[in-house]
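Student: Right, I'll just put the structure down here and ask away after.
Only the coordinates and a few stated rules stand behind these numbers; no lab work does. The structure displayed is predicted, hence computed values, not measured ones. Methodologically, a virtual Cβ is constructed for each residue, glycine included, from the backbone with ideal geometry; neighbour enumeration extends over all protein chains shown.
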Amino acid sequence: MSGNVSQVTDATFESSVVNSGKPAMVDFWATWCGPCKMIAPHVEALADEYAGKAVIAKLDVDSNRQTAIKFGIQSIPTVLFFKGGKLVDRVIGAVDKKVLREKLSALI
């Protein structure tokens, strides 16, 4: 995993994502999820590409259920996009890197 991808938890989500002061993209995933594994390289590549400009994070839904419930995550992967601490967009399912990049670029 890229060193630029933050692992966030229920305990760190607020400080790492909502209060970061930067746009953020959070990948809600689980170890057993095949489509999650398909988008993982895209998430890591974007973390390198947007290092210093945005927070790119992953949250394991199996060990961090509170945050997943709070944002109504019903299927994974779900990628949420935040700007100014507010949820502004979401993508559900395995999508192309281009889709994630476009949504992230719109926040910068």
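Student: Quick check on the chain: of the DSSP beta bridges with both residues there, what percent are antiparallel, nearest 5%? Let's see the in-between values first.
Tutor: Details: 11 of 20 bridges.
If I count the DSSP bridges inside the chain, around 55 percent turn out antiparallel.
Student: Restricting attention to segment 1-38, which chymotrypsin sites (Phe, Trp or Tyr not before Pro) occupy a DSSP loop and are surrounded by at most 12 other Cβ atoms within 10 Å?
Tutor: W32
Student: So for the chain, if I pair up every lysine 8 or more residues apart or on another chain, how many of those pairs have alpha-carbons under 19 Å apart?
Tutor: Here the count comes out as 23.
Student: If each residue of separation counts as 0.36 nm, what is the full-extension length gain between Q66 and K22 once their alpha-carbon separation is subtracted? Kindly include the intermediate steps, with their values, before the conclusion.
Tutor: Details: separation 44, 0.36 × 44 = 15.84 nm, distance 2.27 nm.
Extra length available between Q66 and K22 comes to 13.6 nm.
Student: Viscosity 1.002 mPa s, temperature 20 °C: Stokes-Einstein D of the chain from its Kirkwood Cα radius, in µm² per second?
Tutor: So the translational diffusion coefficient is about 160 µm²/s.
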